[in-house]
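Novice: Structure incoming, see below.
The values are calculated or read from the model by the stated rules, or taken from the named source; none is laboratory data. Owing to the predicted nature of the structure, the values given are computational and were not obtained by experimental measurement. In this analysis, Cβ positions are derived from the backbone assuming ideal geometry, glycine residues included, and neighbour counts consider all displayed protein chains. Surface accessibility is based on the protein's heavy atoms, side chains included, excluding ligands, DNA and RNA. Shrake-Rupley method; radii C 1.70, N 1.55, O 1.52, S 1.80 Å.
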Amino acid sequence: MSNYSLQQFVQQTKQDETENDYFELETPRILEVNLTDEVWAKTGSMISYNGAIKFTREGILEHGVGKMFKKAISGEGSSLMKAQGQGRLYLADQGKKITIFDLANESITVNGNDLLAFEPSIQWDVKLMKKVAGMMSGGLFNITMQGSGRVAVTSHYEPLTLLVRPGESVITDPNATVAWSGHLQPEFRTDISFKTFLGRGSGESIQMEFKGEGFVIVQPFEEVYTTGSS
């Protein structure tokens, strides 16, 4: 363990005030938002801010009845908050590593539990994985992000990107799947013998299969999802 004088510690760990981009990685696990208008972020992700910023939890009809209904039936474990005003906002989520995507009229689908923040210019929609909603703890929902703007996504440890090619499908564990190309439509399959072989209890092992052309981002960690009521 390193020893520091107080002055040395402050100098090595203080925020970089020269940064002024909308989204900046202050550290690999802390996102700085240089706010001039508004941003959507995961509820509870604010760890600090300065300036005049107001936080509002996402309203029931904030994004229309369609999205409200899909969120209600998805058993969503996380909700959104809107930060409005001017100042520096710092966001984090359980020490997870943060990756910033700068979409240029592109789309990406993100596991709902791994979405940290996004610009209001991004269009989004909730996608409920109906086949596995009753088979996994808390269900499984994803959010498709589309348009131009920045999206901040989290992962446990270093993420790995797997390429999906025609005729070469990629199979992943849903609990370890972070995001994938927005146009890919994963299929779900079960494997009873696989789970039994690993000694993980009775029942079926759920797997996601990606076909076509694109990419899938996975993390070396199986995340446990919880419902909003837990």
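Novice: Report every pair of residues separated by at least 6 positions or lying on different chains whose Cβ atoms are under 7 Å apart, first residue within the stretch 158-186 and open to solvent by 90 Å² or more (accessible area, probe 1.4 Å), second acidic (Asp, Glu) and part of a loop (DSSP other than H, G, I, E, B).
Specialist: Arg165/Glu213; Pro166/Glu213
Novice: Continuing with this model, one more query. Considering only the stretch 17-49, state which residues are over 14 Å from Asp93 (Cβ atoms), of a type in the set (Val, Ile, Thr) and within 16 Å of the chain's Cα centre (by Cα).
Specialist: Passing the criteria: only Val39.
Novice: Do you know which residues across the stretch 187-211 are surrounded by 14 or more Cβ atoms within 10 Å (Cβ to Cβ) and modelled with pLDDT of 90 or more?
Specialist: Met208, Phe210, Lys211
Novice: Oh, and also: Residues that are at pLDDT 90 or above and of a type outside the set (S, T, N, Q): find the strands (runs of 3 or more DSSP E) completely inside the stretch 107-171 holding 2 or more of those.
Specialist: 115-118, 141-155, 160-164
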